[in-house]
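A short worksheet on the structure shown next.
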Protein chains: 2
Amino acid sequence: MEKNQVHVFAPATVANIVCGYDVLGFALDEPGDEVVIRRIDPPGVQLKEVTGDDGRLPRDPSKNTVSASVISFLNHIGRADTGVEISLHKHMPIGSGLGSSAASTVAGLFAINALMGHPLSRRELLPFALQGEELACGHGHADNVAPALLGGITLIRGYDPLDVVPIPAPPSLFASVVFPHVDVPTRDARQMIRAKVALKDAVIQWGNIAGLVAGLFAHDYELIGRSMRDVVIEPTRAILIPEFYEMRRLAMDAGALGFGISGSGPSVFAFTQHRDTATRITKTIQEYLTERGIESNGYVSGVNAEGPRELA
Amino acid sequence: MEKNQVHVFAPATVANIVCGYDVLGFALDEPGDEVVIRRIDPPGVQLKEVTGDDGRLPRDPSKNTVSASVISFLNHIGRADTGVEISLHKHMPIGSGLGSSAASTVAGLFAINALMGHPLSRRELLPFALQGEELACGHGHADNVAPALLGGITLIRGYDPLDVVPIPAPPSLFASVVFPHVDVPTRDARQMIRAKVALKDAVIQWGNIAGLVAGLFAHDYELIGRSMRDVVIEPTRAILIPEFYEMRRLAMDAGALGFGISGSGPSVFAFTQHRDTATRITKTIQEYLTERGIESNGYVSGVNAEGPRELA
């Protein structure tokens, strides 16, 4: 029986994982966005409502990343005659560095694919999600959409052709995530990064990413922590994030394996081996920010192996 | 009972493994060097003989990497009063890009440690081997000495402090290795490399090294092959190696997973999933070189998990 309506949650994601700029990312249990897609009689894709965005997202169906990727999807499967209306409920901050647009886009694509009876596999949805990122962010990077869509930890081994490799998370790995309410536009954060890096720094970086992947496979928590260093991107991006180094000190003192910027920031995250450590770190950093007059959102999460899911 | 003489074989190594410049390496079953260390009455370290080097290596015990590192070792353990004589038998080409100096140094250190009753662990010998590399090559890189000493595939996660991570080899992984007799001095090969790399190339490189490590852990031979790409170093180094791209084409056509330069060259290697494929590749490349008047040495090897070993 074809469904009349599908309601999907898709998760926020942490891109880069400190040493894996543009290639690594993982999915969180929370926060995330929800999309409801319902069949309607007249053909075409309508954007019925967007909530939780303070009016910041486009309402034009051809410009909103969710509806635009649903349109692409329906064209691709030869069902442009389908009529649907989309509701997007944002439950996570925009411009936070937590893959906000990726969560919305993936929720929409997962929903439309379910509504149409799963004509595409999950992996086959990835190019449509990438198009959505291009529309939302001006660049088609997959380090948020891949984990948002596939769940777990993902490596973008290469883009030409797109080669997404799942990296297993060790059994006990948690994330403390804090989004400080300071404004760091993604485009600016990317533009600050230098186009050239010193070879010696690149060597340090690829030693670390290799170490991180080895640590994740081998369940070597110490190695995971030692490898979470970024000598290429973080020194520049951290300038834009007030209290970054103090937040790191607090996280490491509280038992974090490693700490860094989530995506292009301003959100920060720590990996921990135990949930209570992540809880303590989130609380400590949020209290510290509050004392300095900086509001924030805090999260504690496992590594979300499932990715998007249908809600009842 | 303390030994009077120890005879050790230490293996050649392939540094970089294409995408892991300065951080990855693995040990071969062959070729390799042999060192015999024998107690003598007068205190001090004597270099009794060096064979197989066509007279190219220093005979002064303070300048030869084998005797110099044995002297460092004896000083470190407070046994500078020991009298030994060293014989170094080179069974592999110098300046080949196969870790010739590392094999000699490691053989010497493994031998003196055994002769003295194993005062140090294998890992504790690493700093002495690094000193030896510094003396022999003018730089203290560990990507040859670490696999020569520890066996298997090794990752130098970082140098400060030195952090060597063993990477498991999948059960069926073989190497075809060919050393073409063309002269590419290590120092020149290093100096040609640019000090800066484009960030976009660095991103491709760390996607690939992460993919290679993931493929090795996951026994995903296709992923290992797809990840063996080098956009940073190889384009420069390949210029110095005649017929490089034709050798690659021959190797890939014959079923190689991946192909590249061993260390700074001119040796080249291919990874294969089966021994007979490696045998075929070595034969094909050597025949091709012979037709063009280039002599070569060819090897077929597994990944040598043991590293150095005492000979009877």
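The values are calculated or read from the model by the stated rules, or taken from the named source; none is laboratory data. As the structure is a computational prediction, the values presented were derived from the model and not from experiment. Positions of Cβ are generated from backbone atoms using ideal geometry, with glycine treated the same way; all protein chains shown enter the neighbour counts. Accessible surface is based on the protein model in full, side chains and every heavy atom, while ligands, DNA and RNA are left aside. Shrake-Rupley method; radii C 1.70, N 1.55, O 1.52, S 1.80 Å.
Just for the Cα atoms in the protein assembly as shown, what are the lengths along the principal axes, largest first, rounded to whole Å?
So the extents along the principal axes, rounded to whole Å, are 95, 61, 40.
List the distances, in nm and shortest first, from the label point of A:Thr51 to the matching label points in every other copy, placing each point 7 Å from Cα along the Cα-to-Cβ direction.
With the label placed 7 Å along Cα→Cβ, A:Thr51 yields 8.6 nm.
Ignoring everything except DSSP H segments at least 4 long, calculate the 222 nm mean residue ellipticity for the protein assembly as shown; use -39,500 (n - 2.57) per segment, divide by total residues, nearest 500.
Value at 222 nm, helices only: -10500 deg cm²/dmol.
Hey, what D do you get for the stretch A:189-255 in µm²/s if you plug the Kirkwood alpha-carbon radius into Stokes-Einstein at 10 °C and 1.306 mPa s?
Rounded, D is 119 µm²/s.
In the stretch A:197-244, which residues become less accessible by 40 Å² or more once every protein chain is in place, relative to the chain on its own, using a 1.4 Å probe?
For the stretch A:197-244, once contacts with the other chains are taken into account, A:Val197, A:Leu199, A:Val203, A:Trp206, A:Gly207, A:Ala210, A:Ala214, A:Phe217, A:Arg226 lose 40 Å² or more.
Defining a contact as two alpha carbons under 8 Å apart and six or more residues distant in sequence, what relative contact order in percent does the stretch B:174-302 show?
Numbers: 211 pairs, mean separation 51.7, N = 129.
Value for the stretch B:174-302: 40 percent.
List the residue ranges in chain B for DSSP H helices whose C-alpha atoms run 18 angstrom or more along the long axis and whose Kyte-Doolittle average is 1.0 or above.
B:100-115, B:199-218
Cα-based Rg (one decimal) and Dmax (whole number) for chain A, in Å?
Answer for chain A, Rg first and Dmax second: 19.1, 60 Å.
In whole percent, what relative contact order does the stretch A:5-168 give with Cα contacts below 8 Å and a gap of six or more residues?
With pairs under 8 Å counted, the relative contact order is 30 percent.
Scan chain B and hand back the longest stretch that contains none of the GluC sites (Glu not before Pro) lying in DSSP loops with at most 12 other Cβ atoms within 10 Å.
B:3-294
Could you give the accessible area per residue of the stretch B:174-302, probe 1.4 Å, as a whole number in Å²?
Ligands and nucleic acids excluded, the result is 40 Å² per residue.
What number in nm² do you get for the stretch A:254-295 if you take the convex hull of its Cα atoms and divide its surface by four? Before the final figure, lay out the partial values.
Details: hull surface 12.3 nm².
Answer in nm², one decimal: 3.1.
Select from A:Leu126, A:Ala80, A:Ala111 the residue farthest towards the positive end of the dipole of the stretch A:5-168; place +1 on Cβ of Lys and Arg, -1 on Cβ of Asp and Glu, and compute about the Cα centre.
Working it through, the farthest residue towards the positive pole turns out to be A:Ala80.
How far is A:Ile94 from itself in the other copies, in nm, if each label sits 7 Å out from Cα along the Cα-Cβ line, shortest first?
6.8
Using the C-alpha atoms of the stretch B:174-302, what convex hull volume per residue, in cubic angstrom, is computed?
With only Cα atoms used, the stretch B:174-302 gives 98 Å³ per residue.
How big is D, in µm² s⁻¹, for the stretch B:1-55 by Stokes-Einstein at 10 °C and 1.306 mPa s if Rh is the Kirkwood radius over C-alpha pairs?
Value of D from the Cα-based Kirkwood radius: 111 µm²/s.
Using a Gaussian network model of chain B whose springs link C-alpha atoms within less than 10 Å, name the residue from B:Val203, B:Val18, B:Val35 with the highest mean-square fluctuation.
B:Val203
Assign unit charges at the C-beta atoms only (+1 for Lys and Arg, -1 for Asp and Glu), then state the dipole size of the stretch B:5-167 relative to its Cα centre in Debye, rounded to the nearest 20.
Computed about the Cα centre, the dipole is about 260 debye.
Cα convex hull of the stretch B:60-178: how many Å³ per residue?
123
Please identify every one of the chymotrypsin sites (Phe, Trp or Tyr not before Pro) in the stretch B:187-248 that sits in a loop by DSSP and has no more than 13 other beta carbons within 10 Å of its own beta carbon.
Sparse-neighbourhood loop chymotrypsin sites (Phe, Trp or Tyr not before Pro): none present.
Considering only B:Ser67, B:Ser121, B:Ser267, give the residue with the highest GNM mean-square fluctuation for chain B, with springs between Cα atoms whenever their separation is below 10 Å.
Top of the fluctuation ranking is B:Ser121.
Cα centroids of the stretch B:130-155 and the stretch B:212-241: how far apart, whole angstrom?
Cα centres, the stretch B:130-155 to the stretch B:212-241: 20 Å.
The stretch A:1-95: which trypsin sites (Lys or Arg not before Pro) are DSSP loop and have at most 16 other beta-carbon atoms within 10 angstrom?
The qualifying sites are A:Lys3, A:Arg56, A:Arg59, A:Lys63, A:Arg79.
May I ask you to derive the relative contact order of the stretch A:103-173, considering only C-alpha pairs under 8 Å and at least 6 residues apart, and to give it as an integer percent?
22
Mind checking which of A:Asp22, A:Asp183, A:Asp230 has the largest fluctuation in a GNM of chain A, springs on alpha carbons under 10 Å?
Among A:Asp22, A:Asp183, A:Asp230, the largest mean-square fluctuation in the Gaussian network model of chain A belongs to A:Asp183.
Nothing charged except the Cβ atoms of Lys and Arg (+1) and of Asp and Glu (-1): what's the magnitude of the dipole of chain B about its Cα centre? Round to the nearest 20 debye. Walk me through the intermediate numbers first.
Details: 27 positive and 35 negative charges, 70 e Å.
In debye, rounded to 20, chain B gives about 340.
Set Lys and Arg Cβ to +1 and Asp and Glu Cβ to -1, take the dipole of chain B about its Cα centre, and tell me which of B:Pro235, B:Ile94, B:Phe9 lies farthest positive.
In chain B, that residue is B:Pro235.
Hey, what's the Cα Rg ratio for the stretch B:118-224 versus the globular rule of thumb, 2.2 N^0.38 Å?
Here the Cα radius of gyration is 1.25 times the empirical estimate.
Dipole of the protein assembly as shown, Cα-centred, from +1 at each Lys and Arg C-beta and -1 at each Asp and Glu C-beta, to the nearest 20 debye?
Values: 54 positive and 70 negative charges, 54 e Å.
Result for the protein assembly as shown is approximately 260 debye, rounded to the nearest 20.
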